[in-house]
Amino acid sequence: MDIPVIETERLRLRGISAEDLDDFAEMNASPDFAKYLGTGEPLSRWESWNVLTMLAGHWMVRQFGFWFVEEKETRRFVGRVGIWYPDGWPSIEIGWGISPKFWGKGYATEAARASRNWAFESLDLDELISVIHPENEASRRVAMRIGESFRETLSVNGKRSDIYSMPRS
C-alpha cells in the first residue's frame, strides 16, 4: 500500500519501516513516554516490534493509520502521529506520541495538524476524537491547539479516558 508522505515546515510524516525499530523501541522503552499509554509501563523491544507491525497493518486494514515522524533537516526519528480506529474504539482517533528527546519543540502539534488536515481532506470524516489519559496535561494542550475540546470521560479499553473531539468544520 502506498502510504502518503506529508511534509510540514520542519517534519516529514512517512510510512513505517522495519528499519525504524531501533528508534521506535528506544522511544517506547522510556518510562516518561510510556507513562500515559497502554499499561503505563515501558515496552520491550519485542513489544515495540509488535506495536510497529500493528501500526503498519492498520494502514492495510483501514487505509489510514499512524505515520512515523522525522525531522526533515536531520531525518532523525521524532515519533508517531496519525489516525486510527482499532476495534472497540469510540470513534476515529487522531493520536500522537513524540519521543521525549523532542519534547518542547511543538512537533506534536505541527504533525497532528498535518494529520488532521489529511484526515478531513482524504477520509470524508465529520469528526475526529483523541483519547487522552486524564493526567496527561501535555496531550490535552496539543488537543486544544489543533482545535479539539473536551467532550466527555469514558472507559476506553478498560481505562478511564478523557475524550476530546473536533468537528470537520
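Data overview
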quantity	calculated
Residue match in region 155-167 (condition: outside any strand (DSSP E or B) and over 18 Å from Glu9 (Cβ atoms))	yes
Filtered residues of region 14-33 (kept if surrounded by 16 or more Cβ atoms within 10 Å (Cβ to Cβ), more than 15 Å from Met54 (Cβ to Cβ) and touching a helix residue (DSSP H, G or I) at 6+ places or on another chain (Cβ under 6 Å))	Met27, Phe33
Output for region 135-155, where each listed residue is free of Cβ contacts under 8 Å to residues at least 40 places away in the same chain, open to solvent by 20 Å² or more (accessible area, probe 1.4 Å) and in contact with a strand residue (DSSP E or B) (Cβ under 8 Å, 6 or more places away or on another chain)	Arg140, Met144, Gly147, Ser149, Phe150, Arg151, Glu152, Thr153, Ser155
Scan of region 89-101 for residues that are in a loop (DSSP other than H, G, I, E, B), farther than 14 Å from Glu70 by Cβ and open to solvent by less than 40 Å² (accessible area, probe 1.4 Å), ordered by number	Ser91, Ile92
In region 47-70, residue farthest from Phe33 (Cα to Cα) [restricted to those that are of a type outside the set (Val, Ile, Thr), free of Cβ contacts under 8 Å to residues at least 24 places away in the same chain and open to solvent by 40 Å² or more (accessible area, probe 1.4 Å)]	Arg62
Residues within region 36-46 that are open to solvent by 60 Å² or more (accessible area, probe 1.4 Å) and out of contact with any His (no Cβ under 9 Å at 6 or more places or on another chain), tallied	4
Hits in region 106-134 - residues which are part of a helix (DSSP H, G or I), over 16 Å from Ile92 (Cβ atoms) and out of contact with any strand residue (DSSP E or B) (no Cβ under 8 Å at 6 or more places or on another chain)	Thr109, Arg113
Total residues in region 71-87, condition farther than 17 Å from Arg12 by Cβ, assigned to a loop (DSSP other than H, G, I, E, B) and open to solvent by less than 70 Å² (accessible area, probe 1.4 Å)	1
1 or more residues basic (Lys, Arg) and more than 26 Å from Gly106 (Cβ to Cβ): qualifying helices (runs of 4 or more DSSP H) within region 1-66	45-62
Flag for Phe68 being of a type in the set (Phe, Trp, Tyr), under 16 Å from the mean Cα position of the chain (by Cα) and farther than 19 Å from Ala138 by Cβ	yes
Odd one out for Gly104, checked against (1) open to solvent by less than 60 Å² (accessible area, probe 1.4 Å); (2) more than 20 Å from Lys159 (Cβ to Cβ)	(1)
Qualifying residue in region 85-106 (condition: modelled with pLDDT of 95 or more, among the hydroxyl-bearing types (Ser, Thr, Tyr) and closer than 17 Å to Ile163 by Cβ)	yes
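The values are calculated or read from the model by the stated rules, or taken from the named source; none is laboratory data. In this text the structure is predicted, and so the values were computed from the model without any measurement. Note: ideal-geometry Cβ built from the backbone for every residue, glycine included; neighbour counts use all protein chains shown. When the accessible area is computed, the model is the full protein with side chains, heavy atoms only, and any ligands, DNA or RNA have been set aside. Shrake-Rupley method; radii C 1.70, N 1.55, O 1.52, S 1.80 Å.
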